[in-house]
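Engineer: Starting off with a structure, shown below.
The values are calculated or read from the model by the stated rules, or taken from the named source; none is laboratory data. Model, not experiment: these values are computed from the prediction. Using ideal geometry, Cβ is built from the backbone for each residue, glycine included, and neighbour counts are taken over all protein chains shown.
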């Protein structure tokens, strides 16, 4: 049986087309994916991301636990509310999941993990927890609403009590604040400014309606995918998984090598890979012909197969097909390659992601 978020009825009322996503009934669009994409880039849109899982980690050694568990280093989070993005690795250096970690107190952290890996992640968290004496608490009592776009901050602030507005208004990117039993963070997955709001599942329908009445447009998984790809953001299960490392996934910046004495799961495998040099890397492609790029299409270098698309879509902002591809490390930015689409070869230009930032073309 498919899982449903607390906003399932609201999606139906808004005319959503629902699809199966990681076992959840989720809206792919509410009529026009392209219109939803542009609304986020130009104004503000909201995404129900309650299929993702909030996990709270509590204990005197919570910091030590997460420093061992994650490739990035939570010791960098010097202030409460600060967040970082990290990969969760296996011993071989492969990516089990990517997530955001928030420091809420000296002994308390909050993680947000992907829907498709949630059960696997929690099992992995619990497997490592006993040695550090921490508690791992999945929070299915919480829902998550992402409000994104250049007008998102103003429209979210109007939904907060006057006493809470000042807390949220001063948040910098990758910061969050506890506002009563809500947690509001200035994070997102679109390349635009905005907030992700974690709140009791019983309260999200009311917030959804108030934002809807305030002109925030619902947006589905389709727009979420085109927005994140324009922003050059990886999608777990396509651009990275347990068979590839962060170094091969354009995520080397998320690995905290210092201090050298910090042991984390997968470190030794990554050090070997760093020492010998990666054989493959993730690059951006812009198709220089009519067509649409899709995952798993072959990439040819000098006429020979050399890699494949991991993600691809039509970019509404650029009015062109774009994608991410894993190719030999020797392939350079600015180089031309070919992509095989339905048995035919089409030229594409290698670029460095992101393709779009804050609504402006970068390629």
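Engineer: Look at residue 112 and say whether it is touching a helix residue (DSSP H, G or I) at 6+ places or on another chain (Cβ under 7 Å), touching a residue at least 12 places away in the same chain (Cβ under 8 Å), crowded, with 17+ Cβ neighbours inside 10 Å and part of a strand (DSSP E or B).
Structural biologist: no
Engineer: Right, something else. Going by the structure shown, is residue 28 over 22 Å from residue 359 (Cβ atoms), at pLDDT 95 or above and either touching a strand residue (DSSP E or B) at 6+ places or on another chain (Cβ under 8 Å) or surrounded by fewer than 24 Cβ atoms within 10 Å (Cβ to Cβ) (or both)? Lay out the reasoning, then the answer.
Structural biologist: Numbers: over 22 Å from residue 359 (Cβ atoms): yes; at pLDDT 95 or above: yes; either touching a strand residue (DSSP E or B) at 6+ places or on another chain (Cβ under 8 Å) or surrounded by fewer than 24 Cβ atoms within 10 Å (Cβ to Cβ) (or both): yes.
Spelling it out, residue 28 is indeed over 22 Å from residue 359 (Cβ atoms), at pLDDT 95 or above and either touching a strand residue (DSSP E or B) at 6+ places or on another chain (Cβ under 8 Å) or surrounded by fewer than 24 Cβ atoms within 10 Å (Cβ to Cβ) (or both).
Engineer: Within segment 340-352, is even one residue touching a residue at least 24 places away in the same chain (Cβ under 8 Å), surrounded by fewer than 19 Cβ atoms within 10 Å (Cβ to Cβ) and closer than 20 Å to residue 222 by Cβ?
Structural biologist: no
Engineer: Quick one: what pairs do we get from segment 70-90, first residue on the phi > 0 side of the Ramachandran plot, second surrounded by 15 or more Cβ atoms within 10 Å (Cβ to Cβ), C-beta under 7 Å, 6+ apart or different chains?
Structural biologist: Listed by first residue and then by second, the contacts come to 81/102; 81/175; 81/176; 81/177.
Let's see how each residue does on (1) at pLDDT 95 or above; (2) in a strand (DSSP E or B); (3) touching a strand residue (DSSP E or B) at 6+ places or on another chain (Cβ under 6 Å):
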{"position": "196", "(1), (2), (3)": "yes, yes, yes"}
{"position": "203", "(1), (2), (3)": "yes, no, no"}
{"position": "222", "(1), (2), (3)": "yes, no, yes"}
{"position": "226", "(1), (2), (3)": "yes, no, yes"}
{"position": "234", "(1), (2), (3)": "yes, no, yes"}
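Engineer: Turning to a different aspect of this structure: Which one of 229, 211 is touching a residue at least 24 places away in the same chain (Cβ under 8 Å), over 14 Å from the mean Cα position of the chain (by Cα) and surrounded by 19 or more Cβ atoms within 10 Å (Cβ to Cβ)? If you could, list the steps in order and put the result at the bottom.
Structural biologist: Values: 229 fails: over 14 Å from the mean Cα position of the chain (by Cα).
So the residue among 229, 211 that is touching a residue at least 24 places away in the same chain (Cβ under 8 Å), over 14 Å from the mean Cα position of the chain (by Cα) and surrounded by 19 or more Cβ atoms within 10 Å (Cβ to Cβ) is 211.
Engineer: In the set 152, 129, which member is at pLDDT 95 or above, in contact with a strand residue (DSSP E or B) (Cβ under 9 Å, 6 or more places away or on another chain) and either within 24 Å of residue 166 (Cα to Cα) or buried (at least 23 other Cβ atoms within 10 Å of the Cβ) (or both)? Steps first, answer last, please.
Structural biologist: Numbers: 129 fails: either within 24 Å of residue 166 (Cα to Cα) or buried (at least 23 other Cβ atoms within 10 Å of the Cβ) (or both).
Sole residue among the options that is at pLDDT 95 or above, in contact with a strand residue (DSSP E or B) (Cβ under 9 Å, 6 or more places away or on another chain) and either within 24 Å of residue 166 (Cα to Cα) or buried (at least 23 other Cβ atoms within 10 Å of the Cβ) (or both): 152.
Engineer: Go through 122, 147 for me and flag whichever is in contact with a helix residue (DSSP H, G or I) (Cβ under 8 Å, 6 or more places away or on another chain) and under 19 Å from residue 51 (Cα atoms). Step through it out loud before you land on a result.
Structural biologist: Values: 122 fails: in contact with a helix residue (DSSP H, G or I) (Cβ under 8 Å, 6 or more places away or on another chain).
That would be 147, the only listed residue that is in contact with a helix residue (DSSP H, G or I) (Cβ under 8 Å, 6 or more places away or on another chain) and under 19 Å from residue 51 (Cα atoms).
Engineer: Given 14, 22, 101, which one is touching a residue at least 24 places away in the same chain (Cβ under 8 Å) and buried (at least 21 other Cβ atoms within 10 Å of the Cβ)?
Structural biologist: Numbers: 14 fails: buried (at least 21 other Cβ atoms within 10 Å of the Cβ); 22 fails: buried (at least 21 other Cβ atoms within 10 Å of the Cβ).
Answer to the check: 101.
Engineer: Step by step: first the residues of segment 36-67, then only those that are within 15 Å of residue 121 (Cα to Cα) and out of contact with any helix residue (DSSP H, G or I) (no Cβ under 6 Å at 6 or more places or on another chain), then the one that is surrounded by the most Cβ atoms within 10 Å (Cβ to Cβ). Which residue is that?
Structural biologist: First, pick out the residues of segment 36-67 that are within 15 Å of residue 121 (Cα to Cα): 51-57, 65-66.
From the residues that got through so far, the ones that are out of contact with any helix residue (DSSP H, G or I) (no Cβ under 6 Å at 6 or more places or on another chain) too are 54-57.
Details: 54: 21, 55: 19, 56: 17, 57: 24.
Among those that are within 15 Å of residue 121 (Cα to Cα) and out of contact with any helix residue (DSSP H, G or I) (no Cβ under 6 Å at 6 or more places or on another chain), it is 57.
Engineer: Out of segment 155-192, which residues are closer than 19 Å to residue 357 by Cβ and surrounded by fewer than 18 Cβ atoms within 10 Å (Cβ to Cβ)? Spell out how you get there, then give the answer.
Structural biologist: Narrowing segment 155-192 to residues closer than 19 Å to residue 357 by Cβ: 172-174, 186-192.
Scanning segment 155-192 gives 172, 173, 174.
Engineer: Another question, if that's okay. Condition first: more than 13 Å from residue 47 (Cβ to Cβ) and touching a helix residue (DSSP H, G or I) at 6+ places or on another chain (Cβ under 6 Å). Now tell me which residues in segment 206-236 satisfy that.
Structural biologist: Passing the criteria: only 214.
Engineer: Further question: Within segment 246-256, which residues are touching a helix residue (DSSP H, G or I) at 6+ places or on another chain (Cβ under 6 Å) and part of a loop (DSSP other than H, G, I, E, B)?
Structural biologist: Hit for segment 246-256 is 255, nothing else.
Engineer: Test residue 95 against the criterion of being under 22 Å from residue 221 (Cα atoms), within 22 Å of the chain's Cα centre (by Cα), crowded, with 20+ Cβ neighbours inside 10 Å and touching a residue at least 12 places away in the same chain (Cβ under 8 Å), and give yes or no. Outline the logic, then answer.
Structural biologist: On the way: under 22 Å from residue 221 (Cα atoms): no; within 22 Å of the chain's Cα centre (by Cα): yes; crowded, with 20+ Cβ neighbours inside 10 Å: yes; touching a residue at least 12 places away in the same chain (Cβ under 8 Å): yes.
Here the answer is no, as residue 95 does not meet what is asked.
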